[in-house]
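Below is one structure, written out as structure tokens; comments come after it.
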Amino acid sequence: MKPIAIFDVEPSDKLPEVPAVTEFNDGYNTYLPWGPFFGVFVPNGTPDDVVAELSAAYAEGAQNPDFVDLMDNRGFTMLAIGGDEAEEFLTNWQQNTAWLLQDAGATKASPEEFGIARPGE
């Protein structure tokens, strides 16, 4: 099998000869980058000391060589973000995911019905 594109906005050092799909189809720029993510997720109102302890434990675990290798071998990018930056990331991820599914005809209800704005709006 020969890859013809990477579904991302930038080429990957794992496959340096394979272009990012956005190099020849600008339409993907609206929805990319997209992919799985890992982190600490707690309900609003969780005490700050609990959030700090969980965040510190996750940060330490994310430095474990086995975890780093897992991320690297799968071509994942370690973001190491939190706070407002993480909230913005999650909002964009939700918009991209919901509207990709909507535009593909795979949803029963429009993301608009759930207050999810189309990316870029």
V42 being outside the structural domain of A80 (by TED's automatic domain parsing) and part of a loop (DSSP other than H, G, I, E, B):
no
Can W34 be described as in contact with a helix residue (DSSP H, G or I) (Cβ under 8 Å, 6 or more places away or on another chain) and of a type in the set (A, V, I, L, M, F, W, C)?
yes
Which numbered condition Q63 fails, given (1) assigned to a loop (DSSP other than H, G, I, E, B); (2) surrounded by 14 or more Cβ atoms within 10 Å (Cβ to Cβ); (3) in the same structural domain as L101 (by TED's automatic domain parsing):
(2)
Could you tell me which residue of segment 18-60 is surrounded by the most Cβ atoms within 10 Å (Cβ to Cβ), considering only residues that are within 19 Å of N96 (Cβ to Cβ) and touching a Phe, Trp or Tyr at 6+ places or on another chain (Cβ under 6 Å)?
T22
Just to be sure I understand, how many residues within segment 98-115 are surrounded by 15 or more Cβ atoms within 10 Å (Cβ to Cβ) and within 13 Å of Y31 (Cα to Cα)?
4
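The values are calculated or read from the model by the stated rules, or taken from the named source; none is laboratory data. Note that the structure is predicted; figures quoted are calculated from it, not measured. Because the Cβ atoms are built from the backbone with ideal geometry, glycine has one as well, and the counts that use them run over all protein chains shown.
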